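Trainee: Following this message is one structure expressed as structure tokens.
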Amino acid sequence: MEGLLFFTKRRAKVFTLDAQFYTTFAAALTHIFVVRILHTSDWHLGQKFMTQTREPEQQMALDWLIQQVLEHQPDALIVAGDIYDVSNPPTGAEEMYYRFLTRMAGTSCQHIVIIGGNHDSPYRLNAPRGLLRALRIYVVGAATDNPEDEIIRLTGPDGQTSAVIAAVPFLRERDFSNITVSGENADDRIRRIQLGIIQHYEQVAAAIGPFDGPVIATGHLFAKGASSHGEQQNIYLGNLDNIAADEFPQRFNYIALGHIHRMQKVGKTEHIRYCGSLIPLSFSEKKDKKGIIIADFDQTGLVNTREIEAPVFRKLVTIKGNLQELEQQLTQLHDPLLPLPCWVEIILTGAPGIALPDRHLREYAEGLHLEILKIKMDYTTASLSEQAPKEDLISLSPDEVFLKKCASAGLTSEKTTALQREFEGLKEWMNEQNFE
Ligand SMILES: [Mn+2]
């Protein structure tokens, strides 16, 4: 009896010490996991951050990803969209992508599934798909007419289907042209897009046919209940809430999502998840948890997930204060041991009392192991406000310029939201003109 009590106490202790380990261990005793997926998304290769390239840290992030593959030995890797940041990325970004795929060939990961995101050109992603297919790299750049074309059947060592992946890419409004539109207003349009998305998932789920093993879906969209920072909220045509957690077909044992750059579960579900981007893509994302998700499945599709946070390869920091406080903070940020100098956004709050405070701060930071990317003047005094330089265009994204323009024209928030949707459509159309 004492022994039993001891055992129970020890078990309780193990449980409190490392609940996640215990749960995994307990699950491993009752289930045999047959398939392991590694879920990543939103690499945004080729991103230019103001005038800076992200290449060094993106390369470090991809090196880290390869290490994770070697360590966790997934059967398949899913990249849930936004491989590139823009439809016509710099050649260095394409080189990184193909170098990564080549290195993956030397690992035990037998399948790679890549879907297009809203930032990707479907044509660019799809162009090498025939060649990549021969290497068991499956690319779905855009929605296909036949739902069967978005279904990928993974084979195990015995040659049998071990899992099915419904590789649904970012869905564009034109993918729902079968749904009729007559005299619809903005809300009707959003609902039409939502219904189109739900219907697409239902069609792909139905096309899988009889299969008892794990069924995994992908997506690049804004799921209801997901959270992101303001700067990211203009990203999907039709705006927020493309689909709710309970609107995905029940058939899917796991849904690997991309689009939102913060790692999270959707609507308290365990099986519908964003893994987040590999690196913070703006100052507003610097506190977000980001990384990859390992999902293990037993032969009935029961899933056990584990989040692995990505290291921070380059720190993004925002500092705020008067001139003297900023100087102190800059000195504290100087860390010669960091492999990549941190990038700093400065908000000057007090009247500086000198002309050209931005130049002063840049000169002050010379010789420090950091780079100032943005200086915002957040003060107004009668004598000095005229000296405060206007925010320069290079530090603003096209969306920020658009919103500032709407604000200066005195538009209501409803009008701005409506125009924003048009602006998103226009940007997409422009992207596609390069390749159609
Ligand atoms: Mn993205």
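Trainee: Using +1 at the C-beta of Lys and Arg and -1 at the C-beta of Asp and Glu, which of Phe49, Pro169, Gln299 has the Cα lying farthest in the positive direction of the dipole of the range 20-309?
Mentor: Phe49
Trainee: Just subtract the alpha-carbon distance of Ser227 and Asp212 from 0.36 nm times their residue separation and send over the number in nm, one decimal. Write down the numbers at each step before the final one.
Mentor: Numbers: separation 15, 0.36 × 15 = 5.40 nm, distance 3.32 nm.
Extra length from Ser227 to Asp212 when fully extended: 2.1 nm.
Trainee: Ranked highest first by the average count of other Cβ atoms within 10 Å around their residues, in what order do 315-322, 193-200 fall?
Mentor: Numbers: 315-322: 15.9, 193-200: 18.5.
The densest-packed peptide leads the list: 193-200, 315-322.
Trainee: Give, as a single signed number, the net charge of other residues whose beta carbon lies under 13 Å from the beta carbon of Leu45, with Lys and Arg counted +1 and Asp and Glu -1. Walk me through the intermediate numbers first.
Mentor: Numbers: positive: Lys48, Arg54, Arg99, Arg124; negative: Asp42, Glu55, Glu57, Asp82, Asp85, Glu94, Glu95, Asp120.
Taking every Cβ under 13 Å from that of Leu45, the sum is -4.
Trainee: So if each residue of separation counts as 0.36 nm, and I subtract the Cα-Cα distance between Arg191 and Gln203, what length gain in nm does that give? It would help to have the intermediate numbers written out before the result.
Mentor: Working: separation 12, 0.36 × 12 = 4.32 nm, distance 1.81 nm.
Difference between extended and current length: 2.5 nm.
Trainee: Among 289-296, 409-416, 130-137, 162-169, how do they line up by average Cβ neighbours within 10 Å per residue, starting with the highest? Spell out each step's value before the answer.
Mentor: On the way: 289-296: 21.6, 409-416: 11.0, 130-137: 13.2, 162-169: 25.5.
Top of the packing list down: 162-169, 289-296, 130-137, 409-416.
Trainee: With the crude spin-label approximation of a point 7 Å out along Cα→Cβ, what separation in nm comes out for Lys415 versus Glu94?
Mentor: A separation of 4.3 nm, rounded to one decimal place.
Trainee: Now for a different question. Can you give the extra length, in nm with one decimal, that the chain gains between Arg133 and Thr269 once fully stretched, where that is 0.36 nm per residue apart less the Cα-Cα distance? Walk me through the numbers before you get to the answer.
Mentor: Numbers: separation 136, 0.36 × 136 = 48.96 nm, distance 3.26 nm.
45.7 nm is the gain from fully extending Arg133 to Thr269.
Trainee: To continue, here is another question. Cross-link partners among lysines for Lys315, C-alpha distance below 20 Å, same-chain residues fewer than 8 apart left out?
Mentor: By straight Cα distance, Lys315 reaches Lys48, Lys286, Lys287, Lys289, Lys290, Lys374, Lys376.
Trainee: What residues have an amide H closer than 5 Å to that of Ala256, excluding those fewer than 5 places away on the same chain, when H is modeled at 1.01 Å from N in the peptide plane?
Mentor: Answer set, sorted by chain and number: Ala217, Thr218, Gly219.
Trainee: Continuing with the same structure: Be a star and scan the range 240-273 for residues whose amide nitrogen sits under 20 Å from the point 7 Å along the Cα-to-Cβ vector of Arg103.
Mentor: Under 20 Å, as judged by backbone N against the label point of Arg103, lies no residue of the range 240-273.
Trainee: Would you be so kind as to identify which of Phe222, Ala207, Ala244 lies farthest towards the positive end of the dipole of the range 20-309, taking Lys and Arg as +1 and Asp and Glu as -1 on Cβ and the Cα centre as origin?
Mentor: About the Cα centre, the residue reaching furthest to the positive side is Phe222.
Trainee: Here's another thing I want to ask about it. Quick one: order Tyr98, Tyr138, Tyr274 by neighbouring beta-carbon count within 10 Å, fewest to most. List each step's numbers first, then the result.
Mentor: Numbers: Tyr98 11, Tyr138 22, Tyr274 29.
Fewest-to-most ranking of Tyr98, Tyr138, Tyr274: Tyr98, Tyr138, Tyr274.
Where a number appears in this text, it was derived from the coordinates with a stated rule and is not lab data. Note that the structure is a prediction, hence the values are computed from the model and not measured. Methodologically, a virtual Cβ is constructed for each residue, glycine included, from the backbone with ideal geometry; neighbour enumeration extends over all protein chains shown.
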